[in-house]
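Asks: Structure in C-alpha cells, see below.
The values are calculated or read from the model by the stated rules, or taken from the named source; none is laboratory data. No experiment lies behind these values; they were computed from the predicted model shown. In this analysis, Cβ positions are derived from the backbone assuming ideal geometry, glycine residues included, and neighbour counts consider all displayed protein chains. Note: accessible area is taken over every heavy atom of the protein model, side chains too, but ligands, DNA and RNA are not part of it. Shrake-Rupley method; radii C 1.70, N 1.55, O 1.52, S 1.80 Å.
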Amino acid sequence: MTNTDGIGKGDWVGFANYTRAVNDPTFQDSIVNTLLLLATLPIWVMLPMLLAILIHQGVPGGKLFRAVYFFPAVLSSVIIGSIFNIVLRYDGSLNNALAAVGIDAVDWLGGSATALGSLIAVQLWSTFGMGVLIFLSGLSTVPDDIIEAARIDGARFWQRLFLIIVPSLRPIIEFVAVVTTIGVLTSMFGLIYVLTGGGPGTSTTLPEFLIWLEQGQLNRPGYASAISMILFVMMGGIAYLQIRIMTRNASL
C-alpha cells in the first residue's frame, strides 16, 4: 500500500496499487494466461494417476518407468529450460524431426498461439513424476483383495478402475490437485525466464513473472507486492474451492 523504491519509507497510497493492477493490461493478460493454465489441471492430475495405476498393476519395466518419470523432478528449471530451448526453437530438434516426415516447422516458443501451450507441456513433463510417486504411495493403501475379488467376479479393468481404485484414491486426488494448483502458479518462473521471457508479447506472462519484472526490473516493489497479495488470495481461494467441491463429492 505504498509507492516506494524499496529503499526509502515510501508514500502511503492505500489501494492505488490494487486499482492499478486491475486496470493494467499486462496484469489482465497474466490472469487470462493463469486461467488457461488452470484449465489444463485435470491433465496434471489424471496423467500421473493413470501412469501410477499401470505401474502398480505390474506392467513390464515398471521399476524402470518409475525412475524415468521421476528423473525430471530432480532437475532444476534452468536446466530443463535450456534443454527445451534446444528442442523447441525454430531450428531445433523437434522441428527437424517434423521436417523429416514432411511437416512444416512450427515456432513453438515464438508464436503467440503455441508459446503458452509449449510452456505448459514442458512444465508438465518436468513435474508429473512427483505425482506418479504420490499416487503409487496412495495405491499401496488400496486393499489388493478387494481388487482381486472384483476381477474374479468379472469386473473389467475400467470397472475396477472407476468403481474401486479411483474412489479409494479420492484423498490423494484432492491432495495432488491442490498441491499441483499451487505449484503451477508459483513454480514456473524459471521456465518462463529461460524459454520465453514472458513473450511473445505477454502470451506467457504469469503473475509470478510479472512480480519479478515489477520488482527486479522496474523497481516498483509496492506494486509488485500488491500483485503478490492478489496471487496469494487467488491461490487460497482456488485451493478452498477445490477442497470444498471434493469434500462435498465425497459425502454424496
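Asks: Could you name every one of the helices (runs of 4 or more DSSP H) located completely within the stretch 1-59 that has at least 3 residues being in contact with a helix residue (DSSP H, G or I) (Cβ under 6 Å, 6 or more places away or on another chain) and at pLDDT below 90?
Replies: Answer list for the stretch 1-59: 41-56.
Asks: Looking at the stretch 122-133, is at least one residue surrounded by fewer than 17 Cβ atoms within 10 Å (Cβ to Cβ), closer than 30 Å to Thr26 by Cα and under 12 Å from the mean Cα position of the chain (by Cα)?
Replies: Yes: one or more hits.
Asks: Looking at the stretch 111-121 only, could you name the residues that are in contact with a Pro (Cβ under 9 Å, 6 or more places away or on another chain) and open to solvent by 40 Å² or more (accessible area, probe 1.4 Å)?
Replies: Residue satisfying the conditions is Ser112 alone.
Asks: Being loosely packed, with under 13 Cβ neighbours inside 10 Å and small (Gly, Ala, Ser) is the filter; apply it to the stretch 83-107 and report the residue that is nearest to Gly190 (Cα to Cα).
Replies: Ranking the qualifying residues of the stretch 83-107, first place goes to Ala97.
Asks: Please verify whether Phe65 is under 17 Å from Ser140 (Cβ atoms), in a helix (DSSP H, G or I) and not acidic (Asp, Glu), treating the condition exactly as stated.
Replies: Spelling it out, Phe65 is indeed under 17 Å from Ser140 (Cβ atoms), in a helix (DSSP H, G or I) and not acidic (Asp, Glu).
Asks: Could you check, for the stretch 16-30, whether at least one of its residues is under 25 Å from Met234 (Cβ atoms), of a type in the set (Asp, Glu) and touching a residue at least 60 places away in the same chain (Cβ under 8 Å)?
Replies: yes
Asks: If a residue has to be farther than 11 Å from Tyr223 by Cβ and open to solvent by less than 70 Å² (accessible area, probe 1.4 Å) to count, how many in the stretch 11-25 make the cut?
Replies: Count: 1.
Asks: Taking the condition assigned to a helix (DSSP H, G or I), exposed (fewer than 13 other Cβ atoms within 10 Å of the Cβ) and aromatic (Phe, Trp, Tyr), does Phe71 pass? Write out each step before concluding.
Replies: Numbers: assigned to a helix (DSSP H, G or I): yes; exposed (fewer than 13 other Cβ atoms within 10 Å of the Cβ): yes; aromatic (Phe, Trp, Tyr): yes.
Taking the combined requirement at face value, the residue satisfies it.
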